[in-house]
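Scroll down for the structure; my scribbles are underneath it.
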Amino acid sequence: MTGDSPLAGVRVLDLTRLLPGPFATQQLADLGADVIKIEDLAAGDYANADVRSLINRGKRAVRLDLKHPQGLAVLMRLARGADALVEGFRPGVMKRLGADYAAVAAINPRIVYCSISGFGQDGPLAQMPAHDINYIALAGVAD
């Protein structure tokens, strides 16, 4: 990308997995953002290899154990200089890890913090896992 790209100079931390989050951050990378894909040490992003190569093209990657203080410290150092953070964990996970919006905004008040979840951050279905098949079944489309 050139310096003329719409998002040149924008740094995004991508803590998403599977398809919706990585696809969203891929669009940001396509527009010139510097996207850093952060994956755990074990599973990483467990989408199949073809999907992974398609939606992670042009992104840099780092593997961190966010349950370990050193891994969290690296994430917070990266967040200090980031413009946006996109995460796709179930509601409450980032808070348990010590990297929720309040913690990140305390070190970088200008960060845009995006939490992607299937059924929102609160409410009766918030903790349910969700993918396309769940939505169409719940809506009755699969009937």
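Assorted remarks:
- When restricted to residues that are under 15 Å from P20 (Cα atoms) and in a strand (DSSP E or B), the stretch 36-72 contains 1.
- The stretch 28-65 - residue that is open to solvent by less than 70 Å² (accessible area, probe 1.4 Å) and small (G, A, S) and, of those, farthest from the chain's Cα centre (by Cα): G32
- Check on M76, open to solvent by less than 40 Å² (accessible area, probe 1.4 Å), over 13 Å from the mean Cα position of the chain (by Cα), at negative phi and among the aliphatic types (A, V, I, L, M): yes
- The listed residue being farther than 19 Å from L18 by Cα, open to solvent by 60 Å² or more (accessible area, probe 1.4 Å) and touching a helix residue (DSSP H, G or I) at 6+ places or on another chain (Cβ under 6 Å), out of A142, A106: A142
- Scope the stretch 5-23; condition open to solvent by 40 Å² or more (accessible area, probe 1.4 Å) and outside any loop (DSSP other than H, G, I, E, B); matching residues: R11, P20, F23
- Candidates H68, H131 - the one that is over 14 Å from the mean Cα position of the chain (by Cα), loosely packed, with under 13 Cβ neighbours inside 10 Å and touching a residue at least 60 places away in the same chain (Cβ under 8 Å): H131
The values are calculated or read from the model by the stated rules, or taken from the named source; none is laboratory data. The structure displayed is predicted, hence computed values, not measured ones. Cβ coordinates were reconstructed from backbone atoms using ideal geometry, including for glycine residues, and neighbour counts include every protein chain displayed. In case anyone asks, the SASA skips ligands and DNA or RNA and just uses the protein heavy atoms, side chains included. Shrake-Rupley method; radii C 1.70, N 1.55, O 1.52, S 1.80 Å.
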